[in-house]
1. Which of (1) within 22 Å of Thr398 (Cβ to Cβ); (2) of a type in the set (A, V, I, L, M); (3) within 26 Å of the chain's Cα centre (by Cα) is the odd one out, the single condition Ala495 does not satisfy?
2. With the range 373-485 as the region, which helices (runs of 4 or more DSSP H) entirely inside it contain at least 3 residues that are within 15 Å of the ligand (Cβ to nearest atom) and within 30 Å of Leu195 (Cα to Cα)?
3. Restricting attention to the range 459-500, report how many residues are more than 20 Å from Met306 (Cβ to Cβ) and surrounded by fewer than 24 Cβ atoms within 10 Å (Cβ to Cβ).
4. Considering only the range 183-213, state which residues are among the basic types (Lys, Arg) and farther than 16 Å from Lys230 by Cβ.
5. For the condition closer than 23 Å to Gly420 by Cβ, touching a residue at least 12 places away in the same chain (Cβ under 8 Å), within 16 Å of the ligand (Cβ to nearest atom) and buried (at least 22 other Cβ atoms within 10 Å of the Cβ), what is the one hit in Ile341, Ile311?
6. Suppose we filter the range 1-32 for residues that are part of a helix (DSSP H, G or I) and of a type in the set (Gly, Ala, Ser); how many remain?
7. Name every residue in the range 447-478 that is over 19 Å from Ile507 (Cα atoms) and without any contact (Cβ under 8 Å) to a residue 12 or more places away in the chain, in order of residue number.
8. Being surrounded by 16 or more Cβ atoms within 10 Å (Cβ to Cβ) and either within 26 Å of the chain's Cα centre (by Cα) or not assigned by TED's automatic domain parsing to the domain that holds Ile228 (or both): is that true of Asp123 here?
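The values are calculated or read from the model by the stated rules, or taken from the named source; none is laboratory data. Keep in mind it's a predicted model, so treat the numbers as computed, not measured. When we count neighbours, we look across all protein chains shown, and the Cβ atoms used for this are built from the backbone with ideal geometry, even at glycine.
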Amino acid sequence: MCGIIGIVSNKSVSASIIGALKKLEYRGYDSAGISTISNGQINEQKCSGRVDNLEKILFQNPSRGDLGIGHVRWATHGIPNQINAHPHSSDVVSVVHNGIIENSDQLRKEYKEKGYTFKSQTDTEVITIMLTDFLKKNHLIDCIHKTLEKLEGSFALGVIFKDFDNLVVGARRGSPLAVGYGHNENFIGSDSYALKSMTNKISYLDDGDFCILYKEKVEFYNLDKKKINKEIFELSSEDNTAEKGDYRDFMSKEINEQSVTTKKCINEYLDKSRNEINIYNLPIDPSKINKIRLIACGTAYHSCLMAKYWIEEFTSLDVEADIASEFRYRKIKFNSNDLYIFVSQSGETADTYAALEKCKKNQVKTCGIVNVVESSIARMADFVLPIHAGPEIGVASTKAFIGQLIVLYLLTLKISKERGDINTEEYLKLVLDLKKLPELIEETLNKQNDIQLIARDFIKAKGTMYLGRGYSYPIAMEGALKLKELSYIHAEGYAAGEMKHGPLALIEDGMPVVVLAPKDRFFEKTISNMQEVIARGGKVLMITDDTSETMNENIRFKFQIPKTNSSINSFLLTIPIQFLAYHVALLKNCDIDKPRNLAKSVTVE
Ligand code: F6R
């Protein structure tokens, strides 16, 4: 949430700042701004709305200067308007901020009593005022340190100073911040993706660190103002997939890529000749694991729910799936023989990170399943399993969900085999079925026009429901989440068997209901629940691999997925629910890649 960029260079920086902000826009897009130092003055320009608006403003009135900071905002304190947009500047400093200052009300009061006035409603402005105040009597390092000491909450900062026109300061507590190294220029950015077009040499600040960028060097300091050294990582050059190409938007590109990303992920983990899953050195020997706990947020939580079903099915292990924002505050009975698995596309989600931190404090064994391998979660977990999906830019997670499912499924099979919970024959059959999955995904992707036809039924709907049992239940939850975040239509994902315990009251004439009914051991029961919906006027979109014609007259539309083994048909059910959300949103003219009120990397609580 919110994207920060800072550059100090030997040439004008505003075009590079705008370029980086466009890359960071997935983190927040309700306003944008830039500050540079030129002619000994801070030159701040900002606007509500997208980076395009800022670019137009700069076209009329260019921001000059060889150093500067930029920001894209996802509002927390104060409505998204021009005044609340970052940077927040005084005569002497300019600040961009990602995260939340929890004691900002108290600090505001304190500094108002000292005679300072505030222009915005943001928590960020207290940082500007504090730096301004501390600068009067302190050297730069003390000024930064004293300010950071007084701040509570989780944040990343970028700061420039009128009187130090050769440096940019970055600081991190809780929210991510990367440092990039160039030739006669250096950078800070909320993630390496934004810096990638400028450099492939990156370091990461740890919590409590701050840094001072000069064009020819970078100095790092820890919590105690001690100078420290940082490891420099070289980013791989393979991730050039972050462009839309011929697609209308990133989401359609990312949905359509799923057969390829699935294949890539399977190839990364599966030894072709021996059909062995290359997951070794888990932090606990699989035969000694007592229980598995899966922790994540949103779509990633749905992949954990799915894994819960797989782990229960294929292993003798006890398993729980938790929402990270709940887990982090619960009184967990930690057990050193339990394996704690954290799933996150970005690897930066604040709640998931905090839950992981809690586990680390309790000295239990952790594993991260992430897309961004340079992320905070990847760096903190004892063991990391990347999903190899490539950059996911659309705010709604699609290919990362499928990637998380693949890795969780492979991990389940690996643990199951190592523990002797399934025999070699069963294992081989499951692995061989999985190898065929990319083709089946491709086949399902090719049927997206069918979904376009039914999408119209949803655009006027007051609300809708997604129903499933067993393996289909987490996908029903995911379907509902995708529809609501993209099309702003209320949607509920329900275990089909729960309908009669309350939600059935919502069904009325013409209400669209999505029923996930693959021909698995729950099929007949799901069909009964579907008939209860149809009897009350629900218009059913049935997604199934059943080819019989019997019930068709009562069903508004049937979407056929290919047949595979029932434990992996959840992958195929996912494709039509993604397309449905996509096409409904398209018909409603919603912003597909940047749904309202959301952002990609949720680095606030
Ligand atoms: C929904 C979506 C979110 C994320 C959630 C966790 O489409 O993308 O629900 O899944 O914010 O994000 P990560 O996976 O980055 O931890």
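1. So the condition that Ala495 fails would be (1).
2. Helices (runs of 4 or more DSSP H) meeting the threshold: 376-380, 399-419.
3. So the answer is 10.
4. Passing the criteria: only Lys196.
5. Working: Ile311 fails: within 16 Å of the ligand (Cβ to nearest atom).
Of the residues listed, the single one that is closer than 23 Å to Gly420 by Cβ, touching a residue at least 12 places away in the same chain (Cβ under 8 Å), within 16 Å of the ligand (Cβ to nearest atom) and buried (at least 22 other Cβ atoms within 10 Å of the Cβ) is Ile341.
6. Let us first name the residues in the range 1-32 that are part of a helix (DSSP H, G or I), namely 14-27.
With the extra rule that they be of a type in the set (Gly, Ala, Ser), the set shrinks to 14-16, 19-20.
Of the residues in that region, 5 qualify.
7. Asn449
8. On the way: surrounded by 16 or more Cβ atoms within 10 Å (Cβ to Cβ): yes; either within 26 Å of the chain's Cα centre (by Cα) or not assigned by TED's automatic domain parsing to the domain that holds Ile228 (or both): yes.
Against the criterion (surrounded by 16 or more Cβ atoms within 10 Å (Cβ to Cβ) and either within 26 Å of the chain's Cα centre (by Cα) or not assigned by TED's automatic domain parsing to the domain that holds Ile228 (or both)), Asp123 qualifies.
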